[in-house]
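The next block holds one structure in the form of structure tokens; read it before the comments.
The values are calculated or read from the model by the stated rules, or taken from the named source; none is laboratory data. Predicted model, so just to flag it, every value in this text is computed and none were measured. Please note: Cβ atoms are built from the backbone with ideal geometry, for glycine as well, and neighbour counts cover all protein chains shown. Please note that ligands, DNA and RNA were not included when accessible areas were found on the heavy atoms of the full protein model with its side chains. Shrake-Rupley method; radii C 1.70, N 1.55, O 1.52, S 1.80 Å.
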Amino acid sequence: METIHTDKAPGAIGPYSQAVKTGNLVFTSGQIPVVPQTGEVIGDTIEEQAEQVMKNVREVLLAAGSDPEHVVKTTCFLADMAHFAAFNQIYARYFPEKPARSCVAVKELPKQVLCEVEAVAELL
């Protein structure tokens, strides 16, 4: 098992890795809409936050030797299911291969963000 770290995505805010590679797969930790350079949450809307989340997921995947086109499964967490349609518009641009997905509403997310996404992908 190999842990992954990149400065192009937010650092872990707890005792975990940005991602872990094992076999031919990479498992990312959940990414939230934090700008890596500042450590601050970006945006007040689901669209702004989802855009940053997808950028963060992409950077972790790239650091691990994969990319969004090789994602086989995502898990998406929304603070409010009323954001589902708007979230999907951003999500679809980053995952054109339409991986398997679970999307659930949760009571609360770290730093009171609106969304979080984790992914499992094949390595290139």
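The aspartates and glutamates within cross-link reach of Lys98, meaning a Cα-to-Cα straight distance under 18 Å and a gap of 8 or more places when in the same chain, are Glu51, Asp67, Glu69, Glu116, Glu118, Glu122.
Kindly express, to the nearest 10 degrees and within the range 0 to 90, the angle between helix 46-64's C-alpha long axis and the longest C-alpha principal axis of the chain. Helix 46-64 sits roughly 0 degrees off the main axis of the chain. Based on alpha carbons, the Rg and Dmax found for the chain are 13.3, 38 Å.
Across the accessible surface of the chain, with the other protein chains kept in place and a 1.4 Å probe, carbon and sulfur atoms take up 52 percent. Extension gain for the segment Ala85 to His5, taken as residue separation times 0.36 nm less the Cα-Cα distance, is 25.7 nm to one decimal. Rolling a 1.4 Å probe over the protein heavy atoms gives the chain an accessible area of 52 Å² per residue. GNM on the chain, alpha-carbon springs under 10 angstrom: the most fluctuating residue among Asp80, Asp67, Asp44 is Asp44. Projected label points at Lys73 and Ala100, each 7 Å from Cα along the beta carbon direction, are separated by 0.5 nanometres.
Within the chain, Cys115 have no other Cys Cβ under 4.7 Å of their Cβ and so lack a disulfide-compatible partner by this rule.
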